[in-house]
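Report on the following structure.
The values are calculated or read from the model by the stated rules, or taken from the named source; none is laboratory data. Not measured: the values here are computed from a predicted model. Glycine gets a Cβ as well: all are built from the backbone with ideal geometry, and neighbour counts include every protein chain shown. These area figures cover heavy atoms from the full protein model, side chains too; ligands, DNA and RNA do not enter into them. Shrake-Rupley method; radii C 1.70, N 1.55, O 1.52, S 1.80 Å.
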Amino acid sequence: MPELPEVEVTRRSFADAIAGATIRTVVLGKPLRWPLGIAPDALVGQRVLAVRRRGKYLLLDLQDGLLLVHLGMSGSLRFAQALPARGVHDHFDLVTDRGTLRLHDPRRFGAVVWASGEDDARARKLLAGLGVEPLGEGFGFAAFHAGLRASRMPIKQLLLAGKLVVGVGNIYASEVLFLARIRPTVRASRIGEQRARRLHGAIREVLARAVQQGGSTLRDFSSADGSAGHFQLQANVYGRDGLPCRLCGTSVQLLRQGQRSSYFCPHCQRP
């Protein structure tokens, strides 16, 4: 699943190119997770003002309302002056005078939803429950530490829940906890101030580094200009079960938490 770094990399790869473009037509394929919420023809003639990100959602600001785009489990966007003929897994084309933005999604868990604004009920339903942006100025330590102390969840599952801080998906949660030297099964409320500060800093560091490296391409992720990510090539623990820890040489272990894979070093990460 594309996580925050992949979504941010995708945003950066086409945001400048599409800003100011005028929509010429909208082509829909098979139904996605949620309906578009507006007649496609009603978008024709509108200009795309900017592209923002909130968590794993891309927000395309239009002259009238906005489009919320989610890549789901397997979705990806392409933006180019000319794209190949639409295939069976191409479900949304936003054709503009500067190029076409296409959503390709084999599993159809992605979505494109129109809302009149962020106060619209459709937008609130998708965005209101999201936690603080980890790469923004609002990600302060005091509130983060208080959130840890108030939770009895294992720290890995708390990070994945996205209520305390948004966008720390499965790949990056394993890497963040390794850098902070915290085992994924530790109850969040047991994390003291020193380890909490390491965790807070690790979240910023890992996600920022992942964005710089184009995200992670484990299967078929690429940005809107077709570029693959390289973060996975430098992962310390994710996907490395049975291999030696890059720091101490102990074998990296794999465990299942809530049907998700967690990777950790039993020596470097304290319980």
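Key figures for this structure:
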| item | result |
| --- | --- |
| Residues of the chain: accessible area per residue with a 1.4 Å probe, Å² | 45 Å² |
| Within the accessible area of the chain (1.4 Å probe), percent carbon and sulfur | 49 percent |
| With at most 12 neighbouring Cβ atoms within 10 Å, loop trypsin sites (Lys or Arg not before Pro) (DSSP) excluded, longest segment of the chain | 1-106 |
| Contour excess over end-to-end distance, with Cα ends at GLN257 and ALA42 and 0.36 nm allotted per residue | 72.9 nm |
| Check: the chain dipole with +1 on Lys, Arg Cβ and -1 on Asp, Glu Cβ, in debye | 1240 debye |
| Over the chain: helical MRE at 222 nm, DSSP H runs n ≥ 4 each giving -39500 (n - 2.57), nearest 500 | -8000 deg cm²/dmol |
| Mean-position separation - Cα centroids, the range 1-55 and the range 92-106, in angstrom | 8 Å |
| Where only C-alpha atoms are counted, convex hull volume of the chain per residue in Å³ | 125 Å³ |
| Calculated from backbone phi, Karplus (6.51, -1.76, 1.60) coupling profile of the range 251-267 in Hz, x at Gly/Pro | 5, 5, 10, 10, 9, 9, 10, x, 6, 10, 8, 10, 10, 7, 9, x, 8 |
| Partner lysines for LYS163 [C-alpha distance under 27 Å; skip if fewer than 8 residues away on the same chain] | LYS56, LYS125 |
